[in-house]
1. Taking segment 53-93 on its own, how many of its residues are over 20 Å from residue 36 (Cβ atoms) and under 11 Å from the mean Cα position of the chain (by Cα)?
2. Could you check segment 69-88 and list, in sequence order, the residues that are touching a Leu at 6+ places or on another chain (Cβ under 6 Å) and buried (at least 18 other Cβ atoms within 10 Å of the Cβ)?
3. Mind listing whichever residues of segment 69-101 are assigned to a strand (DSSP E or B), out of contact with any Cys (no Cβ under 6 Å at 6 or more places or on another chain) and of a type in the set (S, T, N, Q)?
Amino acid sequence: MEKDNERRVERRLLKLTEYLSLPKDLVYGECLITMTGNTELTIENYRSICQFEETCIVIALKHDRLLIQGSRLEILYYREDEIKIKGRISGLQFLGECKKT
């Protein structure tokens, strides 16, 4: 019964979001990913950095983890709500939810 209530609330929120033309990233707190070619990646509304290496970076998002693959990857900056990555980006992959420890 609790799941049904959650679904109803989510549907109402979605309808209200569409009716008011609100950005979903603001309403739901979802991440917003912006790429500039294959050399820069900006992620808004991320949660944390899970792994950082020159060839791969794993970022925790609200519902998923994002694997960024490439070479010479570096984090240009990170703030509470935004991170910018530079390097030769060869792939992005959503890995599923982070496991709570």
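The values are calculated or read from the model by the stated rules, or taken from the named source; none is laboratory data. Predicted, not measured: the structure shown is a model, and the values here were computed from it. All Cβ positions, glycine included, derive from the backbone under ideal geometry; neighbour counts span all protein chains shown.
1. 6
2. 85, 87
3. Residues satisfying the conditions are 71, 90, 93.
Listed here are the residues, each with its yes/no results for (1) loosely packed, with under 11 Cβ neighbours inside 10 Å; (2) over 17 Å from the mean Cα position of the chain (by Cα); (3) among the β-branched types (Val, Ile, Thr); (4) at pLDDT below 70.
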position	(1), (2), (3), (4)
14	no, yes, no, no
29	no, no, no, yes
42	no, no, yes, no
46	no, no, no, no
51	no, no, no, no
